[in-house]
Every structure is written in C-alpha cells, then in structure tokens.
Amino acid sequence: MTTTAPSGESAGESLGERASELGYAAGWRLVRAVPEPAARWAFARGADLAARRGGKGVRRLRANLARVRTDADDAELDALTAAGLRSYARYWREAFRLPAMDHDALVRRPHVEGQEHLDAALATGRGAIVALTHSGNWDMAGLWLVAHSGRFTTVAERLRPESLYERFVAYRESLGMEILPMTGGDSPVRGLVRALREGRVVCLVADRDLSAHGVPVTFFGAPSSMPPGPASLAAATGAALLPVGLWFTEDPDTGEEGWGFRIHPPVDVPDRAAVPAATQRVADVFAADIAEHPADWHMLQRVWHDQD
C-alpha cells in the first residue's frame, strides 16, 4: 500500500488516483471470473513484461535484491529480479481471487512452522505481536491466522483516493481482520493495545520504516531503520513479539501452489530500554528468512540509508 498523497493535488494526480481505483475495481471483478490457468498465464506474462521494461520500481527491486545476494553476478541478479516480479504478480493475482475462493479449503494448505510459539503466547492471555515482512502473501497468512486464533488487528496505510482505501479495508475485513487506519483518525496505538489486552493477535508489517522515528538497525550489513512499534508494544503490554517469515511454494510435479509460514520464537523485550536491541534482533530474523526466499520479498521501495 502507499501512503496518503499530500493535500492540494493537481487535477492530473486526481485523475491518476481515479484511474488506479478503477483499475483495482476491475481486477477484483474480472480476475476472479477467468479460469485459474488463464489468470496464472496473464499475471506471469505481465511480470515478464515489467522486467523487460525495467521501470523505477523494477530497478529498486533489483537494487534491494543485490543487497540480499551480494554473491550474484548481473545475469543471476536479472533472473532473481524477474522471479521477484513474478512472485509479486502472484500476490496480486491471489489478492484479486481470494475473496471468491474456498477459504475453508485454503487454510488447510499452508505449511506452518513454529505454530507452538504462537499457541504458547496466546495461552498467557497477553496476546501476541506478529511482525512480518513484505513477503509472500500476507493476506493468505491472515486468513490462516483468523482460522487458527480468531479475528486479529492490524494497521493500514491510507490510500488515495479514499474509495480505493475503503475497498482495501472492506477486502481485508471480509477475511476477518480488524483494520485500523495509520493516519486520518485516532492513533492506532490505542486499538492495538486494546486487542493485546483482550489476548488477541496484532499483526504489523515491519521491514520498512514509514516515519521519522525509526530505530537504526543493520540490515544485510548496511544501515537502515525499522519501525519501533512492534517492540514498543511488547514492552508496554508484555505480549510476545514473534517475527514471522512468509514465502510461496509450488509443487514441482503437480504445479499446485501453496504458502510457507515460519513463526519464530519470541524476541525478548523486558522494558522500553530494550526496544532498540529487540528491533535489531527482529531485523536479523527477517534477513535470514529473506535470504532463504529472496524472490518472495516484494520490496520495491527504498530500504537503506545510503540508497538514492
């Protein structure tokens, strides 16, 4: 998702926002109506076309993956970037089709590692904070989580136009999520704390800082920042902080698609003074998971301080 555009936008920007809203609306209506093989083919071809054109987002993805795979030569990096775009296209294909799919059947398909860490956290009654990266299909992970432990709470960036933001909120709420807006209303912190006090799960995507208050971390050997929210909430509430890795799977024989989720042991955050060290530990766990499944890290934005 993207952050809110500044007020006073030009007429051209308003038209662009409207076009984006119409494009997403068409995607949700049309993609779910076509046969699955046709949708797979179309989204894969679109990703390959984007790779050949090499726009700004593609160049940024390639630069980010170069930090992950420092051993890759140019040809390997090009191939990894193309695979990353196909993975990102798969996310959008699944997002458009997910509302019309058989959710009861879907939640039995993911391969989940470390579920015992989530179960142990919820057994304490203090809730759990799940910290994610922009990897795999976080909506599918949310669907599994709702089936496993009930409605959870998360925060969404506010999109422009407002109608597009409302469409995304309605989509995710239809999957069983409680969505709090990052901006444009009351601070989401109160709602997140409430959810944890009720012994529920809070999910936060935490591999990229969107504020001026990020915690400095070393990420793949270079300086970056990550949001302090997950560790700060853990320190304030006593809830367990659980980093989670996500990736896509595909059976090489049948072609059946699936998902992998890895729930890591809790990161210790005894008090607010421990927030920086805990955030660095989360960054280290994120880096290990991303390095294992680099093509499924959908990061098309700036991450490191020394990037242009």
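Name the single residue, out of those in segment 163-201 being at pLDDT 90 or above, charged (D, E, K, R) and outside any helix (DSSP H, G or I), that is nearest to ALA240 (Cα to Cα).
ARG200
Given the conditions (1) closer than 29 Å to PHE219 by Cα; (2) modelled with pLDDT of 60 or more; (3) among the small types (Gly, Ala, Ser); (4) surrounded by 14 or more Cβ atoms within 10 Å (Cβ to Cβ), and given that ALA44 satisfies all but one, which numbered condition is not satisfied?
(1)
Being β-branched (Val, Ile, Thr) and modelled with pLDDT of 95 or more is the requirement here; does VAL58 meet it?
Numbers: β-branched (Val, Ile, Thr): yes; modelled with pLDDT of 95 or more: yes.
Yes: the conditions hold for VAL58.
The values are calculated or read from the model by the stated rules, or taken from the named source; none is laboratory data. These numbers were taken from a predicted model, which means no experiment stands behind them. Glycine gets a Cβ as well: all are built from the backbone with ideal geometry, and neighbour counts include every protein chain shown.
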